[in-house]
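The values are calculated or read from the model by the stated rules, or taken from the named source; none is laboratory data. Note that the structure is predicted; figures quoted are calculated from it, not measured. Cβ atoms come from the backbone with ideal geometry, glycine included; neighbour counts cover every protein chain shown.
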Amino acid sequence: MTAHAAEHTPAVPPMPERNPKALREAIAQHAPALLADFDSHWRWAVAETYDISTVPAFMARWWGQYAIARDPKLDAHVTDLEHRASESTDLTEARSLLEAASHIRHQVQRLEPGQ
């Protein structure tokens, strides 16, 4: 037997099917801190207006939010980049940090269900 137990790293849950119901269920299960904002945004942008033309933009925003939030390490990394940028007094450094965070946000938009 080893003196140290193997460190368990929880697996990042897969992306859900790309529809509002499946995304909401995934958020409720794996990123519940986002759920109130998700529901509020849904009511404001879609349910109260009966305007389904807003669904693609809604899905794009929340797809990315969930993709980052479902992975605690990635979420912490993006938050750190943005926090460091907000505190930087060097414009070049701040821009670089924000570009790195933006790059991650754009990359997660490309994720497909199951990834």
Residues within region 37-53 that are assigned to a helix (DSSP H, G or I) and hydroxyl-bearing (Ser, Thr, Tyr), tallied:
2
Give the number of residues within region 62-76 that are surrounded by 15 or more Cβ atoms within 10 Å (Cβ to Cβ), part of a helix (DSSP H, G or I) and not small (Gly, Ala, Ser).
7
Would you tally the residues in region 45-56 being within 19 Å of PRO113 (Cβ to Cβ) and loosely packed, with under 14 Cβ neighbours inside 10 Å?
1
Given the conditions (1) touching a residue at least 24 places away in the same chain (Cβ under 8 Å); (2) exposed (fewer than 15 other Cβ atoms within 10 Å of the Cβ); (3) of a type in the set (S, T, N, Q), which single one is not true for THR89?
(1)
Starting from region 52-79, keep only residues that are among the basic types (Lys, Arg), then list their pairs with residues that are at pLDDT 95 or above and assigned to a helix (DSSP H, G or I) whose Cβ atoms are within a distance under 8 Å, requiring at least 6 positions of separation or different chains.
ARG61/HIS41; ARG70/ALA26; ARG70/HIS30
Kindly provide the set of residues from region 28-49 that are free of Cβ contacts under 8 Å to residues at least 40 places away in the same chain and under 20 Å from PRO13 (Cβ atoms), ordered by number.
ALA28, GLN29, ALA31, PRO32, ALA33, LEU34, LEU35, ALA36, ASP37, PHE38, ASP39
Output the number of the condition that LEU111 fails; it satisfies all remaining conditions of (1) in a helix (DSSP H, G or I); (2) within 15 Å of the chain's Cα centre (by Cα); (3) surrounded by 15 or more Cβ atoms within 10 Å (Cβ to Cβ); (4) of a type outside the set (Ser, Thr, Tyr).
(1)
